[in-house]
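As structure tokens, the structure follows; a few thoughts come after it.
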Amino acid sequence: MLQLQHLMKTYHVGDTVTHALDDVSINFRNHEFVAILGPSGSGKTTLLNVIGGLDHYDSGDIIINGKSTKNFTQTDWDAYRNNTVGFIFQSYNLISHLSIIENVELGMTLSGVSSKERHQKAINALKKVGLGDHINKKPNQLSGGQMQRVAIARAIANDPDILLCDEPTGALDTKTSEDIMKLIQELSKDKLVIMVTHNPELAAEYATRIVHFQDGKILSDSDPYKPEKEPEDSFQLKKTKMSYWNALKLSFTNIMTKKGRTFLTAFASSIGIIGIAIVLALSHGFQKQINQTQSKTLSKFPISISQTATDINTASSRKESDKNVKNRGYLTAAIPETEKNTHQNKISQKYVDYVKKINPKYANNISFIRGTQLNLLAFNQGKITRVQFSNTATNTNSMAQAQAQGMASVGINTNTFPNSLDKKQGSFLKDNYQLLAGTWPSNKNDVVLVLNNKNEANLNALKNLGMSVKDGEKINFKKLINKSFRIIPNNSYYQKLPTGNFVPKKPDQAMYNSGKDINLVAVIRAKNNTQMALLDNGIAYSDQLSKEVINQNKNSEIVQAQKNSSTNVLTNQEMTTEQKEQFIASIGGSSIPSGILIYPNSFNSKDKVLDYLDKWNKGKTKKNQIIYTDMSGTVTKLTGGLLNGITYVLVAFAGISLVTSMIMIGILTYTSVLERTKEIGVLKALGARKRDITRVFDAETFILGIFSGILGIFIAYLCTFPINAILYRITDMTNISQLDPVQAIILVIISTILTMLGGHLPAKMAAKKDAAIALRSE
Ligand code: ADP
Ligand code: MG
């Protein structure tokens, strides 16, 4: 039993106040057919909406089966609409993108009835209204009478107790109207039917009770009902709940009705994803290429240990000193940054031995830089002349003079290659150089001439060898191969003056005879795929040779004299300790190298070598540590950082279009909300919760987001082919643009989340829409 007690409902629009319901009190029997008659604007629709819970009364009470609705929550009202009442409207309010059967099922879909049960109930309802044959048609394929039957089927499918009909025949011709009335009359046998109509004949013919309504008040009631005793509270509600899956299905069918628009939107919003995907694909590919090139070529980059090293670690942690300091009227004395970070490496014999013990599996080429100058003579056209293995421009006559001035210790350039001649693991020279003429050096007295990739030799180097050549002159290899030179020991090369100073002697046969032959056996140049010239262009010789020279000279007279003198024994000039050390090294007095170059066998073994070198420093004070320079490491960090930087900037740019598309989706969802206002009203009339409405729209943006993400990735993938083709023609590099599958999936997820964020606000707005107003809208 339904009881209305002193219902009041007032609308305020501007200054006008409309009393749509003005103290309405009436009781309805459980089974009867009540017709409400009254002029337009008298509040009939408002009454039905309030009874159906689509609209809420201001004061009074509605009592359903003895239960007051005063304290109903929103969820209670939703469940009430879904279980207890069925609505039939004048304009049918079918959802056009759903089929007949889906329209009928909708209320049960919202309440989470299983699809099988739902289907069966819907078919039964449709049979009851005489439409068993049209279940798969769309509403616009039916006549008005048929549409109203569908609406009735929808209202009764869930077997509600109360049927609320708002001018159900208002849009139908007389014949159809009568058919519908008969149908409703049939239903009223086991339901309470409250029907609003402005057709008194129809009301008189079919209804069992007629209520006249005017200005929000009941004027008359043909069959008032007063129960003998107040009913007990026997009201029960089943909570409604729409599943995510059903929300998705509902949205999907809606999207499918506007394929063109959906596709364009998805395409537009995928542009951001396309941009980011392409940037990432390129960066991914470039990084891969760089890593490959690095492990191929940079492994050839030596780890270098020299007498002075820059401590990169401390240099980078000094960033704060870049800031400007206010002028405070004084100045501060300071050691320059570069000098602060300079570290003096004390390379000792012990360290040299330690380095030599590196596992040859990780580095089998180690080269030592020595300051030793070779005393060389050549026999040229019947004359004995001084020669030099150097690339610096000096003419042979002034060479002795230069040496006498201590120049020998300037520009230390011994150009030796690593000791690998007699090692099985392969030769440094053979790995990195190609033989242009002659034979590979096979003993320590063999030297080679290194050309550049244009087959050019350093002019000064040739001149220093005693050849009179002009710039651009073409020289036959034969003129050079097997050319021999003599290394002269210090004791016969220098002469002690009575003053105690030394001078180089004038070359003569005796001096020449005291020397030992070395031969130029090969002309070589770097292989094409070696990215780096490891040896300077000019004469290069083995480390054994320089070690032999050192052995020969370390006890020579001039070395002894220099060790005991604080001034240069050639020039008499004052020297610092450092200068003195360098000079002693240059005349062969020191067997400790001034620098060490370690060539790792591969990119991976480099780390092992570095670990080994780090082990030496463990537990040593900072001063006694040996700092190495890992050139390839520096380069790797540099290129990696650079690429990352560029990638971030480009991704940020592409990200802007992603945000744009997010806003676009928001606008689109908003439009969709406006378009589907009626549908929202219907969904609510059928018992949809706010959350269900939000879910339906969220589901729509979810589908759109996933679709545009996948579309974007797909287009980006297609783009990689032309991009690679173009890059191949420009750079000769293959497959630069490579989409990382993990990144692709992440991008689709990001696209989905962003579109959902963009659409969520309009979806919320949709859920807030007032159902009564939504249903009044056209
Ligand atoms: P009926 O269905 O009898 O034609 P209604 O119930 O639709 O009448 O309307 C009753 C009165 O309330 C009318 O004057 C109408 O203008 C007013 N009214 C209905 N809904 C609203 C609303 N949402 N805002 C303001 N006034 C409204
Ligand atoms: Mg009305």
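Listed values, structure above:
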{"quantity": "Percent accessible area from carbon and sulfur atoms, the chain, protein chains only, probe 1.4 Å", "calculated": "55 percent"}
{"quantity": "Set LYS121/LYS241; LYS361/LYS620; LYS70/LYS189; LYS470/LYS547; LYS217/LYS769 screened for pairs whose C-alpha atoms are more than 24 Å apart", "calculated": "LYS361/LYS620; LYS70/LYS189; LYS470/LYS547; LYS217/LYS769"}
{"quantity": "C-alpha long axis of helix 690-731 to longest principal axis of the chain, angle in °", "calculated": "30 degrees"}
{"quantity": "Spatial extent of the range 180-281: Rg and Dmax, with the Cα atoms as the point set, Å", "calculated": "27.2, 81"}
{"quantity": "Theoretical ellipticity at 222 nm over the chain - DSSP helices of four or more residues, -39500 (n - 2.57) apiece, nearest 500", "calculated": "-14500 deg cm²/dmol"}
{"quantity": "Peptides ranked, highest mean first, by Cβ atoms within 10 Å: ranges 705-712, 755-762", "calculated": "705-712, 755-762"}
{"quantity": "Amide H within-cut-off set for GLN495, under 5 Å, with H built and near neighbours excluded", "calculated": "VAL503, LYS505"}
{"quantity": "Kirkwood Rh and Cα Rg combined as Rg/Rh, the range 2-240", "calculated": "0.96"}
{"quantity": "Angle between the chain longest axis and helix 74-83 axis [Cα atoms, degrees, rounded to 10]", "calculated": "60 degrees"}
{"quantity": "Accessible area of the chain divided out per residue, in Å², using a probe of 1.4 angstrom", "calculated": "50 Å²"}
{"quantity": "P(r) tail fraction, the chain - alpha-carbon pairs more than 51 Å apart, %", "calculated": "51 percent"}
{"quantity": "Candidate aspartates and glutamates for bridging to LYS483, where Cα separation is under 15 Å - those fewer than 8 sequence places away on the same chain excluded", "calculated": "ASP446, ASP517"}
{"quantity": "Between 0 and 90°, nearest 10: helix 577-586 axis offset from the chain longest Cα axis", "calculated": "70 degrees"}
{"quantity": "Cβ-derived FRET efficiency at R0 51 Å, SER96 paired with SER222, nearest 0.05", "calculated": "0.85"}
{"quantity": "Solution diffusion estimate, µm²/s, Stokes-Einstein, the range 652-756, Kirkwood Rh from C-alpha pairs, 10 °C, viscosity 1.306 mPa s", "calculated": "98 µm²/s"}
{"quantity": "Efficiency of FRET from Cβ geometry, LEU459 and GLN573, R₀ 22 Å, rounded to 0.05", "calculated": "0.10"}
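The values are calculated or read from the model by the stated rules, or taken from the named source; none is laboratory data. Everything numeric here is computed off the predicted structure, so don't read it as measured data. Cβ sites come from the backbone with ideal geometry, for glycine too, and all protein chains shown count toward neighbours. Please note that ligands, DNA and RNA were not included when accessible areas were found on the heavy atoms of the full protein model with its side chains. Shrake-Rupley method; radii C 1.70, N 1.55, O 1.52, S 1.80 Å.
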